[in-house]
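Here's the structure, in structure tokens; my notes come after.
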Amino acid sequence: MAFLNIDVILDEEAFDQASAEFTKLLEDMNALRSDIDTMLNDLETGFNTTAGRKFISSCKDNLITPMEQQAATLEFAATTLKKARQEYEPVFDGYKALNSEIEQRQRH
């Protein structure tokens, strides 16, 4: 019988960092969307024709909608990482306690 030995590493700082990075990406995405909304609103005033309205509508469909979908994905990833970090907190705490106990026994 063969055994596969694999170390599983849970890095609590990696959870925090990844969550923070996804949150930052979400903030950047929202800022970009706001800029594009402003730009499209400004253009809409000057493009008040049938073709212009179609162009603006196309821009909203092809820019804003995918950005909203991407923002939802980024928010989901950030939230999920935060929840995972919280769920693994007892594991991190247990590891720290075990490590501390091992160190204390090695000193004596």
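The values are calculated or read from the model by the stated rules, or taken from the named source; none is laboratory data. Computed from a predicted structure; not experimentally measured. Cβ placement follows ideal geometry from the backbone for every residue including glycine, while neighbour counts extend to all protein chains displayed.
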Handout entry: Every pair of residues 6+ apart whose Cβ atoms lie under 6 Å, when the first sits in the range 25-52 and is surrounded by fewer than 12 Cβ atoms within 10 Å (Cβ to Cβ) while the second is part of a loop (DSSP other than H, G, I, E, B) and of a type in the set (D, E)
Key = none
Exercise for the section: Identify the single condition in (1) in a helix (DSSP H, G or I); (2) under 19 Å from the mean Cα position of the chain (by Cα); (3) surrounded by 10 or more Cβ atoms within 10 Å (Cβ to Cβ) that E13 does not satisfy, given that it satisfies every other one. Expected result: (3)
Practice task
Could you pull out the residue among L81, L63 that is under 30 Å from L10 (Cα atoms), in contact (Cβ under 8 Å) with a residue 24 or more places away in the chain, of a type outside the set (D, E, K, R) and surrounded by 10 or more Cβ atoms within 10 Å (Cβ to Cβ)?
Solution key: L81
Problem - Residue check for Q86: assigned to a helix (DSSP H, G or I) and over 30 Å from S34 (Cα atoms) - result: yes
Practice task
Report yes if L74 is under 19 Å from K24 (Cβ atoms) and either part of a helix (DSSP H, G or I) or β-branched (V, I, T) (or both), otherwise no.
Solution key: yes
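How many residues, within the range 62-108, are acidic (D, E) and under 23 Å from the mean Cα position of the chain (by Cα)?
Selection size over the range 62-108: 4.
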Exercise for the section: Tally the residues that are within 19 Å of K83 (Cβ to Cβ) and acidic (D, E), restricting the search to the range 9-61. Expected result: 5
Problem - Residue in the range 30-41 that is in a helix (DSSP H, G or I), modelled with pLDDT under 90 and in contact with a helix residue (DSSP H, G or I) (Cβ under 6 Å, 6 or more places away or on another chain) present - result: no
Exercise for the section: Could you please give the count of residues in the range 84-108 that are loosely packed, with under 10 Cβ neighbours inside 10 Å and among the aromatic types (F, W, Y)? Expected result: 0
Handout entry: Condition met for S58 (more than 30 Å from V91 (Cα to Cα), outside any loop (DSSP other than H, G, I, E, B), of a type in the set (S, T, N, Q) and modelled with pLDDT of 90 or more)
Key = yes
